[in-house]
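Data first, discussion second: the structure below is written as structure tokens.
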Amino acid sequence: MVTELLYLSRAEVERVALPMAEIIAAVEAVFREKGEGRVEMPPKIGIHPAADDFLHAMPAYVASPRAAGIKWVGNFLKNPARNLPTISGMIVLNDPETGIPVAAMDCTWITAKRTGAASAVAAKYLARPDAAVLTIIGCGVQGRSHLEAMLVQFPGIHLVKAYDRVRANQERFVQEMQAAYGGKMVAAEDCESAVRNADIIVTAAEILKQPRPVIRPDWIKPGAFCMPVDFDSLFTPEAIRAMNLFYTDDVAQMEFYRTMGYFGATPRAQGDLGDVVAGKKPPRTQPEQRTMAMHLGLAIEDMVTATRVCERAMVRGIGTRLPL
């Protein structure tokens with residue numbers, strides 16, 4: 001009988017150091033499970049203490065590898081000014097056989113890494129395999145995670161262009177990421193120069209119900225893959241309509257978000273990434289296609305990543321056992 005659970009602090013989750021390549025593989029596998037209909041994941045429900053702040057409940061069950069649990073995650077845009085993370089929360093894992101909680105852990109590191117991993121999976125199917133120029137717009141936690149994930153997925157990337165409206169963030173990103181990964185990293189003068197001539201474009205700005213998008217279709221070169229992780233905050237509706245392929249990670253969740261006031265001018269997605277991974281929807285088929293995957297963030301990604309973190313932590317003796 002289970003009488004205790006494993007608690008992992010943020011520092012302990014980070015100390016487990018689950019490799020990005022392993023996270024990408026786990027997330028790709030769970031998208032395939034989703035495409036085959038072997039996951040259960042209701043749309044997020046949430047509360048909104050301020051207009052663009054939220055706390056979301058994200059439950060999910062995955063059949064293989066069996067995982068069940070929930071993430072309770074907050075996104076508070078004024079937190080950096082308080083010296084607090086924008087995104088914070090907890091993940092609780094349950095035994096799929098009994099329902100009893102078996103682990104509780106900070107979700108900050110997992111949320112960052114699995115989001116970058118999900119984008120790398122999308123890029124595997126929708127970006128050109130010879131992608132060489134990567135643009136990162138938004139030089140925060142997600143910008144760093146996406147840079148790591150894209151460099152794992154596309155080792156041929158030789159130029160990274162970074163842009164952030166806060167110049168200090170942009171300069172720090174270029175300096176630190178250059179030291180971490182090498183290669184050629186440059187600070188773009190503005191959003192347009194960052195986007196033009198890029199093979200992969202990642203936008204990780206603030207998520208807003210009333211966005212002020214600026215990226216126009218003529219900025220995006222033929223063959224580019226666009227990966228907004230900030231909903232429709234930066235890509236104009238015209239830019240999205242110019243895509244030959246436009247997918248999301250979950251069509252039902254996107255439509256649910258519309259009922260909450262998001263995606264007012266955004267066209268409907270052509271399908272789920274899970275269907276692409278499972279071979280039910282077409283990936284990129286032509287080198288000149290413009291493609292996009294607009295991800296909302298899925299609990300199934302958290303469950304498979306957290307499960308692996310938990311398994312590694314138990315083997316290495318990391319964490320604290322707490323009585324139930």
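Can you find a residue that is assigned to a helix (DSSP H, G or I) and without any contact (Cβ under 8 Å) to a residue 40 or more places away in the chain anywhere in region 62-77?
As a first pass, look at region 62-77 and keep what is assigned to a helix (DSSP H, G or I): none.
Looking for residues that are assigned to a helix (DSSP H, G or I) and without any contact (Cβ under 8 Å) to a residue 40 or more places away in the chain, one finds none in region 62-77, hence no.
Which condition breaks for Leu322 when tested against (1) in contact with a helix residue (DSSP H, G or I) (Cβ under 9 Å, 6 or more places away or on another chain); (2) hydrophobic (A, V, I, L, M, F, W, C); (3) part of a strand (DSSP E or B)?
Result: Leu322 fails condition (1) only.
Of all residues in region 15-51, which are modelled with pLDDT of 95 or more and in a loop (DSSP other than H, G, I, E, B)?
Listed by number, the residues that qualify are Ala17, Leu18, Pro19, Glu36, Gly37, Arg38, Met41.
Within region 237-310, which helices (runs of 4 or more DSSP H) (wholly inside it) include 2 or more residues that are closer than 15 Å to Leu126 by Cβ, modelled with pLDDT of 95 or more and not assigned by TED's automatic domain parsing to the domain that holds Asp95? Full working, then the answer.
Numbers: elements: 237-241, 251-259, 273-277.
Once the helices (runs of 4 or more DSSP H) in region 237-310 are filtered for at least 2 residues that are closer than 15 Å to Leu126 by Cβ, modelled with pLDDT of 95 or more and not assigned by TED's automatic domain parsing to the domain that holds Asp95, what remains is 273-277.
Could you tell me which of the residues Leu151, Leu134 is without any contact (Cβ under 8 Å) to a residue 40 or more places away in the chain and either assigned to a strand (DSSP E or B) or at negative phi (or both)? Reasoning before the result, please.
On the way: Leu134 fails: without any contact (Cβ under 8 Å) to a residue 40 or more places away in the chain.
Of the residues listed, the single one that is without any contact (Cβ under 8 Å) to a residue 40 or more places away in the chain and either assigned to a strand (DSSP E or B) or at negative phi (or both) is Leu151.
Just checking, which of Ala67, Ala103 is in contact with a helix residue (DSSP H, G or I) (Cβ under 7 Å, 6 or more places away or on another chain) and within 20 Å of Ala25 (Cβ to Cβ)?
Ala67
For region 102-111, give me the residue count where each residue is surrounded by fewer than 21 Cβ atoms within 10 Å (Cβ to Cβ) and either under 22 Å from Met150 (Cβ atoms) or modelled with pLDDT under 95 (or both).
Counting residues in region 102-111 that are surrounded by fewer than 21 Cβ atoms within 10 Å (Cβ to Cβ) and either under 22 Å from Met150 (Cβ atoms) or modelled with pLDDT under 95 (or both) gives 1.
So for region 127-137 (the condition being closer than 21 Å to Thr291 by Cβ, hydroxyl-bearing (Ser, Thr, Tyr), at pLDDT 95 or above and in the same structural domain as Met243 (by TED's automatic domain parsing)), does at least one residue qualify? Can you show your working first?
First, the residues of region 127-137 that are closer than 21 Å to Thr291 by Cβ: 127-137.
Among the residues that remain, those that are also hydroxyl-bearing (Ser, Thr, Tyr) are: 135.
Next, only the ones that are at pLDDT 95 or above stay: 135.
So of that shortlist, the ones also in the same structural domain as Met243 (by TED's automatic domain parsing) come out as 135.
Yes, region 127-137 contains at least one residue that is closer than 21 Å to Thr291 by Cβ, hydroxyl-bearing (Ser, Thr, Tyr), at pLDDT 95 or above and in the same structural domain as Met243 (by TED's automatic domain parsing).
Mind listing whichever residues of region 25-39 are without any contact (Cβ under 8 Å) to a residue 40 or more places away in the chain and farther than 14 Å from Asp302 by Cα?
Applying the first criterion (without any contact (Cβ under 8 Å) to a residue 40 or more places away in the chain) to region 25-39 yields 25, 37-38.
Of everything in region 25-39, those that are without any contact (Cβ under 8 Å) to a residue 40 or more places away in the chain and farther than 14 Å from Asp302 by Cα turn out to be Gly37, Arg38.
For region 187-240: of the residues being of a type in the set (Lys, Arg) and touching a Lys or Arg at 6+ places or on another chain (Cβ under 8 Å), which is surrounded by the fewest Cβ atoms within 10 Å (Cβ to Cβ)? Outline the logic, then answer.
As a first pass, look at region 187-240 and keep what is of a type in the set (Lys, Arg): 196, 209, 212, 216, 221.
Still in the list and also touching a Lys or Arg at 6+ places or on another chain (Cβ under 8 Å): 196, 221.
Details: Arg196: 17, Lys221: 15.
Result: Lys221.
Can you name every residue in region 154-199 that is of a type in the set (Gly, Ala, Ser), part of a loop (DSSP other than H, G, I, E, B) and modelled with pLDDT of 95 or more? Break it down into steps so the answer makes sense when it comes.
First, pick out the residues of region 154-199 that are of a type in the set (Gly, Ala, Ser): 156, 162, 168, 179-180, 182-183, 187-188, 193-194, 198.
Okay, now just the ones that are also part of a loop (DSSP other than H, G, I, E, B), so 156, 182-183, 188, 198.
Gly156, Ala188, Ala198, listed by residue number.
How many residues, within region 97-131, are among the hydrophobic types (A, V, I, L, M, F, W, C), within 22 Å of Val277 (Cβ to Cβ) and in a loop (DSSP other than H, G, I, E, B)? First the steps, then the outcome.
Residues of region 97-131 that are among the hydrophobic types (A, V, I, L, M, F, W, C), as a first pass: 100, 102-105, 107, 109-110, 112, 117-118, 120-123, 126-127, 131.
Still in the list and also within 22 Å of Val277 (Cβ to Cβ): 110, 112, 117-118, 120-123, 126-127, 131.
Right, trim to in a loop (DSSP other than H, G, I, E, B) and you get 127, 131.
Count: 2.
Here's a check for you: in region 40-69, which residue that is in contact with a Pro (Cβ under 8 Å, 6 or more places away or on another chain) and either under 18 Å from Leu296 (Cα atoms) or of a type in the set (Phe, Trp, Tyr) (or both) is surrounded by the fewest Cβ atoms within 10 Å (Cβ to Cβ)?
Ranking the qualifying residues of region 40-69, first place goes to Pro42.
The values are calculated or read from the model by the stated rules, or taken from the named source; none is laboratory data. Here the structure is a predicted model, which is why all the values come from computation and not from measurement. Because the Cβ atoms are built from the backbone with ideal geometry, glycine has one as well, and the counts that use them run over all protein chains shown.
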